[in-house]
Structure formats: C-alpha cells, structure tokens
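Read through the structure below, which is laid out as structure tokens, and then see the notes.
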Amino acid sequence: MVKKKTVIINQLSERRSELIGYSRFLNNNRVNWQNIFKENSKDINRVSDGKHVLVVNDTSEINYESHRNYLNLKDKELGPVGNDKDIGFFCHPGLVIDASNGVALGYSYLKIWNRAFDKKDRYTRDYKKQVIEEKESYRWIECGLKSKEQLSSASKITIIADRESDIYEEFIEVPDDRTGLIIRSRGDRALIEGDSLYKRIDGSEVCGSYKLKVRPSLKRQARETEIEIKYTRVRIRKPKNRNIKKELPEYIELTAIEAKEVNGKVPQGESPIHWILLTTHEVNSVNDALQIIIWYSMRWQIELLFATMKSKGMNMEASELESGKALKSMCVIALYVSLLINQLRQLRNDTSGIHAGIWFTNKQIELMKVLSKRYEGKTEKQKNPYKKETIAWAAWTIARLGGWKGYSCESPPGNKTFKWGLDRFYAIYEGYMINEKMCA
C-alpha cells in the first residue's frame with residue numbers, strides 16, 4: 001500500500017492470488033484495527049522523548065453509501081453516518097506534531113466506531129440523559145487522557161481541537177502540570193461574575209495584530225489581510241442541567257484569545273476570519289497569545305491527512321472490501337500511508353540533513369540519483385538544491401516526478417503532487433528491478 005499509494009485491493013494486486021491474500025488477511029479474526037494501530041504506534045513515545053508535542057485530534061466520516069449494494073446491512077461493524085442515512089463509520093485520530101518545527105511524528109490515539117442502525121440519531125440514543133463517559137463526544141476527553149499515557153516521555157503536551165471539543169469536563173479532567181489545552185470556543189458561555197464570555201471579549205482591548213496571507217478557496221478570496229488579537233482571563237461557570245455522576249467545580253479559569261480579521265480587509269459577501277480560543281496555557285503578553293494561535297493553526301494538518309486518505313490520495317471510500325471489520329483495518333493502514341505522504345511534503349525544505357533512508361532503500365536512492373539528474377535543468381535555478389541522499393533532496397525529485405516544475409518562485413508541491421510523484425517513482429522502480437533481473 002505504501003508502494004502503490006492506494007487501498008483498493010484490485011489495484012494493489014497484480015495477480016488473483018495476491019487479491020485473495022489481501023482479502024484473507026484483512027478479514028482474519030486475529031487481525032483488527034486495534035492491533036494494527038498498536039503495532040504502528042509503538043515508536044511514538046520514543047520519537048517524542050523530551051519534546052513539546054501537540055496532539056491535534058478530529059473526526060472524519062468514512063462513507064460507503066456508493067457501495068451499499070455490496071455491503072451487509074446486518075454487519076455490526078457498519079452503521080449510519082452523519083446524515084443518519086448513509087452507511088459507514090467514524091475515525092478519530094490524535095496526530096502528534098513536534099511543536100518546535102510543526103513536523104508530524106505519528107499518532108498517539110485512535111478511535112474507530114459506528115452507530116447502530118436502530119439508533120441513528122441523538123434522539124433515539126437518548127443523548128441528553130447519557131453521562132459524558134457514555135456519549136460519542138467522550139472521545140475528545142479520552143484522546144487527551146490516552147495521549148498522556150502514550151506520550152509519557154514527552155516533556156510537554158498540548159491537546160488541540162476544534163469547536164466540538166469545547167466540553168466543560170475536558171478542561172477539568174485532561175490538564176495537568178505537563179498537559180495543556182487549546183480548544184476553539186463553540187458558543188457563548190456564562191461567566192461566574194454574571195456576564196458572558198463573548199461580552200467580556202468584546203469589552204477587551206486589541207493588544208496587537210499580525211498579517212495573514214489567505215489562500216483562495218470555495219469560501220474565501222485570496223488576499224493579504226490583518227488579524228487583530230485580544231486576550232483576557234475568564235472564569236467560566238459550570239453549565240446548568242448537567243447529567244453527571246460526580247461533582248464538578250463551579251467554574252474553570254482559562255484564557256480566552258480572539259483572532260479576528262479587520263473589517264476593512266474582508267471582501268464583500270464573506271464573513272471575517274474569526275477564532276475564539278480557550279486555553280489552559282498561561283498568557284501574559286501578545287507574543288504568548290500569538291504562539292497559541294500559531295499552535296492552533298497547525299490543526300489544518302489533520303484536515304490535510306483526511307483529504308489525502310480519501311479523495312485527494314488513497315481513495316479510502318472507494319475500497320471494495322465487503323466487511324466493516326476489514327474496512328476499519330484498511331482505514332488504519334490508510335492513515336499511516338497518508339502520514340508518510342504528509343511527512344514528505346513537510347520535509348521538502350529540510351536543511352538538517354535527515355537521510356532519505358528513513359523511507360527509501362539503497363537501490364531506490366541509487367535510482368533517485370539518476371532521476372534527479374535527469375530532471376535538473378541547465379541553470380542553477382533548475383537544479384536540485386539539496387544535499388544528495390537527504391530527504392529534502394528526495395522530496396525535490398519526487399515532486400518533479402509528480403509534475404512540479406522545480407522553480408522556487410512557484411507554489412511549493414503539495415500532498416497531491418507527492419502522491420502522483422510516488423506513484424510514478426515506484427512504477428519506474430518496478431521496471432528498473434525487472435530489467436536488473438533480466439540482465440542478471
């Protein structure tokens with residue numbers, strides 16, 4: 001799967017015996033997603049040793065509605081997804097990132113689950129009467145608790161999540177002397193003094209600003225804009241009508257940080273860029289607030305991983321396996337292959353000299369030397385600027401194979417380009433090996 005960058009077993013298999021082998025492996029009773037994840041995550045504590053790491057967690061829906069006719073609707077490993085109609089399951093990883101350089105290191109947590117067809121929505125699941133430990137939303141808290149265990153050698157851990165993770169209990173159960181939280185606010189909160197979170201922020205003074213380049217998207221125009229920063233200490237009151245088993249403190253003390261686009265910079269028809277972040281970290285200056293914003297912005301990496309795993313890379317939702325158990329196992333493998341593609345993109349400009357041998361064999365590196373020379377132009381601007389046999393040198397070559405032109409003035413290659421480049425590289429390498437055997 002790493003070699004061919006796909007999870008579709010018909011594309012993985014070169015002969016029928018291989019197809020049968022893949023299918024038998026993934027459907028074997030002794031093979032499950034939990035064991036695959038455990039085996040692949042065993043080194044995450046070692047590579048996090050002594051580091052401050054960020055654990056970015058989020059949920060992705062894996063949808064197989066287009067394969068409904070091939071799936072067994074009585075399969076207990078499958079169920080309704082977000083719209084309560086389509087069939088599939090959910091995946092919630094905790095992505096570990098080195099806070100010092102933003103490089104993804106691996107995963108510290110993974111939960112894969114599905115709902116039952118007879119309890120499609122929160123109303124039939126009697127959601128309001130469930131204690132937090134019984135709700136699906138407990139995964140946000142569990143990610144923090146399990147990551148602390150998994151990353152025992154890290155010097156510091158910061159758990160980062162979007163608005164769905166804004167849960168009162170999380171701010172109580174997860175933080176400790178080594179572990180902090182950065183969570184985007186889901187909505188206004190009552191404060192112990194009688195006012196509200198958003199009113200307190202509105203009444204706070206702007207303490208600084210920073211420039212931001214906005215990339216074009218379906219929702220936003222490309223532009224260079226200005227973001228204003230506010231921060232204030234708040235004491236959030238315990239929500240009323242909580243169905244809980246244990247007593248909770250009457251309030252939690254946090255720092256609220258607002259990052260909001262200056263009105264004059266917002267194009268007509270767009271809403272301003274606007275984040276309100278809640279953190280347990282100490283914030284005593286605008287630089288402290290800006291650091292929290294920078295760490296939170298690394299959350300986009302997990303979105304990029306989901307895109308690589310699905311429509312922009314591995315094509316996970318096109319997998320032709322017919323059991324939920326096998327599909328969940330394939331999902332874990334797809335997560336790790338997507339991580340490799342993402343790491344290649346992240347280290348495309350690395351100057352620390354990390355050797356390409358962390359991903360490629362000696363023979364593959366020898367082939368890469370030939371390809372790198374072939375794709376270099378006559379001018380210095382068209383040459384591979386990195387030291388031979390380093391991962392950045394390899395990334396330059398793979399990107400060129402994927403269609404990138406090699407000019408530093410162009411947009412840098414992304415995950416999709418690296419995926420295409422790896423596809424082509426491994427196809428060339430396969431021909432290279434066949435030729436070597438024939439000549440021998």
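We did not get these values from a lab; they are worked out from the coordinates using the rules stated. In this text the structure is predicted, and so the values were computed from the model without any measurement. Here the Cβ is made from the backbone with ideal geometry for all residues, glycine too, and neighbour counts use every protein chain on show.
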Which stretch or stretches of the stretch 145-179 have amide N atoms under 19 Å from the point lying 7 Å from Tyr251's Cα along the Cα→Cβ direction? 167-173
Qualifying trypsin sites (Lys or Arg not before Pro) for the stretch 33-78 [loop in DSSP, other Cβ within 10 Å: at most 13]: Lys42, Lys74, Lys76
For Ser209, the residues 5 or more places away or on another chain with a placed amide H closer than 5 Å to its own amide H are Ile229
How large is ³J(HN,Hα) for each residue in the stretch 376-382, as worked out from phi by the Karplus curve 6.51 cos²θ - 1.76 cosθ + 1.60 (θ = phi - 60°), to whole Hz, x for Gly and Pro? 7, x, 7, 8, 4, 5, 9
Applying the Karplus parametrisation 6.51 cos²θ - 1.76 cosθ + 1.60 with θ = phi - 60° to the phi angles of the stretch 254-264, what ³J(HN,Hα) value in whole Hz is obtained for each residue in order, glycine and proline being reported as x? 9, 10, 9, 10, 10, 10, 9, 5, 5, 3, x
Could you give the alpha-carbon Rg of the stretch 350-439 over 2.2 N^0.38 Å, rounded to two decimals? 1.07
Can you give me the long-range amide H partners of Ser196? Hydrogens built in the peptide plane at 1.01 Å from N, cutoff under 5 Å, separation of 5 or more residues or another chain. Leu191
Output the antiparallel fraction of DSSP beta bridges having both residues in the stretch 61-215, as a percent to the nearest 5. 75
Lys199-Lys156 FRET efficiency (beta carbon distance; Förster radius 51 Å; 0.05 resolution): 0.95
HN-Hα J in Hz across the stretch 216-226 - Karplus 6.51, -1.76, 1.60, θ = phi - 60°, x for Gly and Pro: x, 8, 5, 9, 9, 7, 5, 5, 9, 10, 10
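Can you figure out the FRET efficiency of Ala427 with Phe117, using R₀ = 60 Å and their beta-carbon distance, to the nearest 0.05? Don't skip to the answer; put the middle values down first.
Values: r = 42 Å, r/R0 = 0.70.
Here the calculated transfer efficiency is 0.90.
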Listed peptides 362-375, 387-400, 186-199, 252-265 by packing density, highest first (mean Cβ within 10 Å): 387-400, 252-265, 362-375, 186-199
Got the relative contact order for the stretch 350-439 handy, in percent, Cα pairs under 8 Å and 6 or more residues apart? 26
Treat every Asp and Glu Cβ in the stretch 350-439 as -1 and every Lys and Arg Cβ as +1, leave all other atoms uncharged, and give the resulting dipole magnitude about the Cα centre to the nearest 20 debye. 220
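Any idea what the relative contact order of the chain is, in percent, if you count C-alpha pairs under 8 Å spaced at least 6 apart? Intermediate values should be presented prior to the final figure.
Working: 736 pairs, mean separation 71.2, N = 440.
Here the relative contact order equals 16 percent.
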